[in-house]
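Below: one structure, written as structure tokens.
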Amino acid sequence: MMMTFIKKNAEYLLLFLFVAIGIGTVSSYGFAWDEHAQRVIGQVCYKYVFEHNNEYRSFSDRDHGPFFELILIIIEKVANITTTKSIYTMRHLVNHLFFLISALYFFKLIVLIYNNKLLATIGFLLLVVNPLIYSHSFFNSKDLPFLSMFIICFYLFAKAFKHKGYLYFVLLGLFSGLLISIRIMGIIIVPLVLFFLLIELINNRK
């Protein structure tokens, strides 16, 4: 009975385990040299969106993707977090939780492709316990959210082309837009999707 439960819910048990570990160790990681600059991007974007302040139009770092930084500032404002330590602890925790959610979708992606939960468990662990990726998942609010969103987009990509449902293609389009708004490099997913759509069109004509 217990083994059946573990096999059936392996991905969620892994997620719960690493969320607990992350919450317990979030204060053990330092700060990145550009964390303050990243937060400023979110602050300027927040003022532009919610306070009609046009500083963002002439902001020197406006070419950096603002989406994830904006989300972090919104959480900061809504939760009324004011002390420096609390602000950066919150940022690290949200960053890490988003990474763990993407690891869950990496698990689902492997199951979708290979239908093998053991292989998916190994893939999940190889992603999460990588020392460099794991540490950056706390304090790197630029590259790790980009990696995390890319994983989610690849899951939606595989799901959309396997089931050919309109909803998955709409979600793929939405999350691809969010991916690009984190880092402009995310644009590479667009020709990839269009290429496979072309292959589908050719196959359907045949």
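Brief remarks follow.
- Carbon + sulfur, % of accessible area of the chain - ligands and nucleic acids excluded, 1.4 Å: 69 percent
- The coefficient of translational diffusion for the range 107-206, derived via Stokes-Einstein from the alpha carbon Kirkwood radius under 10 °C and 1.306 mPa s, stands at 107 µm²/s.
- The range 1-113: projected area of the alpha-carbon convex hull, averaged over directions, in nm²: 9.9 nm²
- For a paramagnetic label modelled on residue 202 (point 7 Å from Cα along Cα→Cβ), amide N atoms under 19 Å away belong, within the range 153-177, to 161-162.
- Remark on the range 100-165: ratio of C-alpha radius of gyration to 2.2 N^0.38 Å is 1.15.
- Here, the range 57-162 yields an orientationally averaged convex hull projection of 8.7 nm² when only Cα atoms define the hull.
- Centre-to-centre separation between the Cα atoms of the range 139-184 and those of the range 21-75: 21 Å.
- For the chain, the residue among 31, 95, 156 whose Cα projects farthest onto the positive side of the dipole built from Cβ charges is 156.
- Pairs of Cα atoms nearer than 8 Å and 6+ residues apart set the relative contact order; for the chain it is 22 percent.
- Full-stretch length increase - residue 195, residue 83 - with 0.36 nm per residue and alpha-carbon distance subtracted: 35.5 nm
- The string of couplings for the range 88-100 from the Karplus curve (6.51, -1.76, 1.60, θ = phi - 60°) is 6, 5, 4, 4, 5, 5, 5, 4, 5, 5, 5, 4, 5 Hz, one whole number per residue in order, with x for Gly and Pro.
- Normalised size of the chain, defined as Cα radius of gyration per 2.2 N^0.38 Å with N residues, equals 1.14.
- Measuring r between the beta carbons of residue 114 and residue 20 and using R0 = 30 Å, the FRET efficiency lands at 0.60.
- HN-Hα J in Hz across the range 155-162 - Karplus 6.51, -1.76, 1.60, θ = phi - 60°, x for Gly and Pro: 5, 5, 4, 5, 5, 5, 7, 7
- Total charge dipole magnitude, the chain, about the Cα centre, Cβ charges on Lys, Arg, Asp, Glu only, Debye to nearest 20: 760 debye
- In a reduced charge model with +1 at each Lys and Arg Cβ and -1 at each Asp and Glu Cβ, the range 82-170 shows a dipole moment near 200 debye about its Cα centre.
The values are calculated or read from the model by the stated rules, or taken from the named source; none is laboratory data. Computed from a predicted structure; not experimentally measured. Ideal geometry is used to build each Cβ from the backbone, glycine not excepted, and the neighbour counts take in all protein chains shown. Accessible surface areas use protein heavy atoms only, side chains included; no ligands, DNA or RNA. Shrake-Rupley method; radii C 1.70, N 1.55, O 1.52, S 1.80 Å.
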